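Just so it is clear, none of the values below were taken in a lab; they were calculated from the coordinates. A quick note: this is a predicted structure, and the numbers were derived from the prediction, not measured. With ideal geometry, Cβ positions are generated from the backbone for all residues, glycine too; neighbour counts draw on all protein chains shown.
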Amino acid sequence: MNQQPSLLDLLDAAPARGGRLDAESEAFLERYATTYAEIRSVGAVRGEVSQLRSVTRESERLGGPRTLLAVLGDTATLVRVLTTPTVRPSASTAGRRLAAVVAAFPIAWGDQEGRQRIEHLVTRMPSKDRSDWYESGVVLAGDTKRRRPTSPTIEPPDLARVIEAADKGRHSLRDRAFVGTLCFSGLMVEEARTLTWRGLRWEPDAETWSAPVERGGHRTRLSIFGAAIPLLARLRFDSSPTADAVFAGPRGEPLTERQVRRIVRDACASVGFPLASRSDLLSAVTAYLSDQGFTEHQIAIALGVATVGTIDRRLERHRALDAQRRIARRD
């Protein structure tokens, strides 16, 4: 007879890196998951369980206790794990790690003693300037910068390849038009996702489309140009006369955030930019406008950017690549 999987088994459908702990620690984590599963989401509980496992492994690397309950009962070790770990986490992970430890105390020792142990732990940790009133008052080990490999720089000629890579499935025109809008405008993803035909307007003098946005507290319009122009024209021709959403789902509703992420991620990955973000696309379109002879001030207006300094930052990597090419040609 097959044994029914425990709640922890279900939470661990995708096991955490490093595997499970000893039987005693896993039994405690089962109690933890059972206690909080009814009041928190599955994803939240899974993340907390993962952080408690990480705390135990970090304690072992530091030469401290090797079981979760022993780590939770050793304040000095917890302080070291949270403030001077051998593997430094991101700031957000460090905060989640402390929250998981705090949530585990009442499970281990009950509400009253758990609160006392929490207070004792906090008083033993280095203090932070409480002017950051919305944050924890203790100093945690954590980097504020995201630590991930960067995608290769998307250059202006690559934008056409990204758009064409969205040509998949029966909604290929819609998907290419959406990616084209992101590649050749200053619209944010949410602004493009919820764009309507009522808001979209053809500007005959400039021969571009424009979309309404809010910038700096007032309403304005941003141009949609380049390769997006014919794609939007074809999409308008193929759309129902009563359609409202420009980039619509099966029932005429705007694309969801998940659909948008999939469309853009798959298109970028298909042409060699698996980690590309909206910021990478904006940098590429900034370089495109610069190559067309626009000044930084004109580019800032076209993309709805408040300061020219932002344009300079987006052009940094492109200018560095151009300088390398010039040197290579001289050699």
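What the table shows:
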{"quantity": "Angle between the chain longest axis and helix 228-238 axis [Cα atoms, degrees, rounded to 10]", "calculated": "90"}
{"quantity": "Rounded FRET efficiency, nearest 0.05, which uses the C-beta distance separating R261 from D74 and R0 of 41 Å", "calculated": "0.45"}
{"quantity": "Scaled radius of gyration (Cα, divided by 2.2 N^0.38 Å) that the range 156-330 gives", "calculated": "1.05"}
{"quantity": "The chain, dipole about Cα centre (Lys/Arg Cβ +1, Asp/Glu Cβ -1), debye to the nearest 20", "calculated": "480"}
{"quantity": "The chain - percent relative contact order, Cα under 8 Å, separation 6 or more", "calculated": "13"}
{"quantity": "Kirkwood hydrodynamic radius over Cα pairs of the chain, then Stokes diffusion coefficient at 25 °C and 0.890 mPa s, in µm²/s", "calculated": "103"}
{"quantity": "Interchain or long-range residues, amide H under 5 Å from L222's placed H", "calculated": "A211, V213"}
{"quantity": "Highest to lowest packing among 29-38, 280-289, 114-123, scored as the average C-beta count within 10 Å", "calculated": "280-289, 29-38, 114-123"}
{"quantity": "Calculated FRET efficiency for the pair R221/T153, C-beta based, R₀ 25 Å, to 0.05", "calculated": "0.25"}
{"quantity": "Under 14 Å, Cβ to Cβ, from V213 - net charge with Lys/Arg +1 and Asp/Glu -1", "calculated": "+2"}
{"quantity": "4 °C / 1.567 mPa s Stokes-Einstein diffusion coefficient of the range 7-124, Kirkwood radius on C-alpha pairs, µm²/s", "calculated": "91"}
{"quantity": "Pair V102, W202: separation of 7 Å Cα→Cβ label points (nm)", "calculated": "5.8"}
{"quantity": "Average Cα contact separation per residue, the range 57-96, under 8 Å, 6 or more apart, as relative contact order %", "calculated": "38"}
{"quantity": "Contour excess over end-to-end distance, with Cα ends at D312 and A91 and 0.36 nm allotted per residue", "calculated": "76.8 nm"}
{"quantity": "Antiparallel bridges, percent of DSSP beta bridges restricted to the chain (to nearest 5)", "calculated": "95"}
{"quantity": "The range 203-331: relative contact order in percent, alpha carbon pairs under 8 Å with at least 6 residues between", "calculated": "15"}
